[in-house]
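Readers should treat all values here as calculations from the given coordinates under stated rules, not as data from a laboratory. Owing to the predicted nature of the structure, the values given are computational and were not obtained by experimental measurement. Methodologically, a virtual Cβ is constructed for each residue, glycine included, from the backbone with ideal geometry; neighbour enumeration extends over all protein chains shown.
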Amino acid sequence: MFGYLTDALADLLFGMTGLYGQWRTERFFFDAVTTEIRWVLRRPDETNVVLSIHRLQDLAVSLGLPDGAGELEWRSTHSRAELVHAVLRAAEEVLERHGEEGYRELWQAHPFPMAGLQDLRRLHSRHDACAEHAEPPRPAATAA
């Protein structure tokens, strides 16, 4: 069970936005009440992501430890486009099912991370050519 005081969905969304930046590795973690669940996203090239999830037992000291200090729970390789698309769909399903108010009631300490969702949609649409998450067209400027 994840601690409700952490902003897990926002951390996930903003971690995914990092896949479009200059750094080859992104890290974020979920607080599982004394245990750290660390996600490590490595980009061996511009289109692929190696996802590793590590469990580190003592959150009080684990934040400074290397990834290898924890137990590897999961490792898989995906195209960036497929991974981000799946995360976007899951976040959109949460929003559709609960709405912003319902999410806040369930998660208590944090609102739905709309800015993270919008940023990731924009990046995914622009860099991965995803038509499903395309930005809506901007209205044309009108002459006064």
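What to note about this one:
- Value at 222 nm in deg cm²/dmol, rounded to 500, when DSSP H runs of n ≥ 4 in the chain each add -39,500 (n - 2.57): -13000 deg cm²/dmol
- Packing-based order for 95-105, 37-47, using average beta carbon neighbours within 10 Å, highest first: 37-47, 95-105
- In this structure the amide hydrogen of ASN48, modeled in the peptide plane, comes within under 5 Å of the amide hydrogens of ARG80, none closer than 5 places in sequence on its chain.
- Estimated inter-spin distance, CYS130 and LEU65, nm [label 7 Å along Cα→Cβ]: 3.3
- For the stretch 31-97, the square roots of the Cα gyration tensor eigenvalues, ordered a ≥ b ≥ c, give a/c of at least 1.5 with a/b no greater than b/c, which places it in the oblate category.
- Share of pairwise Cα-Cα distances greater than 19 Å in the chain is 57 percent (whole percent).
- The length gained on full extension between GLU46 and ARG27, counted as 0.36 nm times the residue separation minus their Cα-Cα distance, comes to 5.1 nm.
- Taking the Cα centre of the chain as reference, the dipole from Cβ charges on Lys and Arg (+1) and Asp and Glu (-1) amounts to some 420 debye.
- Angle between the chain longest axis and helix 80-107 axis [Cα atoms, degrees, rounded to 10]: 90
- In degrees, nearest ten, helix 8-17 long axis to first principal axis of the chain (Cα): 60
- Label point of ALA115 set 7 angstrom out along Cα-Cβ; within the stretch 20-37, no amide nitrogen lies under 17 Å from it.
- Mean-position separation - Cα centroids, the stretch 60-100 and the stretch 22-43, in angstrom: 8
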